[in-house]
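Here is the structure we will look at, set down as structure tokens.
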Amino acid sequence: MTQLSSAVAGSPVEVSATSRHQARVGQVITAVVGLFLTFDTTVKLLGLPQAVDATVQLGYAASAISAIGLIQAFCLVLYLTPRTSVLGAVLLTGYLGGAVASQLRAGNELFGYVLFPIYVGVLMWGALFLRDARVRALLPLTRSQPA
């Protein structure tokens, strides 16, 4: 095992084969989430009829699609940039929360539409948790045992 210095309280973080495997899994999940959100962003920025129709069905003006796409693109770039990935995840969480609220307001199906942004958010944060030791230190899933 090797040690890296950590940004969290200056304590060393051990890097083992397990954490390297976790990081790889996190990178794969990040790629999947990134590809989905890139596709979704591109459809919005291009103003494709499917995106415009879906936006209007949710009760937004067709002219809002460009602004929505730009906001999503900005948040996505932050998330996919390692140095700003946590900020990007926080901003995308807000964006996805708005998507949940919009789907609920439109009366769409819970499992088909309303929860989908939550699934994306869970994958996004799960990937970040797996690939970033700082996030694992801030959000431990288990309590450490007293020495």
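The values are calculated or read from the model by the stated rules, or taken from the named source; none is laboratory data. On a predicted model such as this, the values are computed, not experimentally measured, just so you know. Note that we place each Cβ from the backbone using ideal geometry, even for glycine, and neighbour counts take in every protein chain shown.
Descriptive notes on the structure:
- Looking across the range 101-130, the residues that are in contact (Cβ under 8 Å) with a residue 12 or more places away in the chain, in contact with a helix residue (DSSP H, G or I) (Cβ under 7 Å, 6 or more places away or on another chain), surrounded by 17 or more Cβ atoms within 10 Å (Cβ to Cβ) and more than 18 Å from Val25 (Cβ to Cβ) come down to Gln103, Val114, Pro117.
- Single condition Ile71 does not satisfy, out of (1) modelled with pLDDT of 95 or more; (2) closer than 26 Å to Arg20 by Cβ; (3) β-branched (Val, Ile, Thr): (2)
- Members of the range 35-84 found to be more than 21 Å from Gly107 (Cβ to Cβ) and of a type in the set (S, T, N, Q), listed by number: Thr38, Thr41, Thr42, Ser63, Ser66, Gln72, Thr81, Thr84
- Subset of the range 37-61 [part of a helix (DSSP H, G or I) and exposed (fewer than 13 other Cβ atoms within 10 Å of the Cβ)]: Phe39, Pro49, Gln50, Asp53, Gln57
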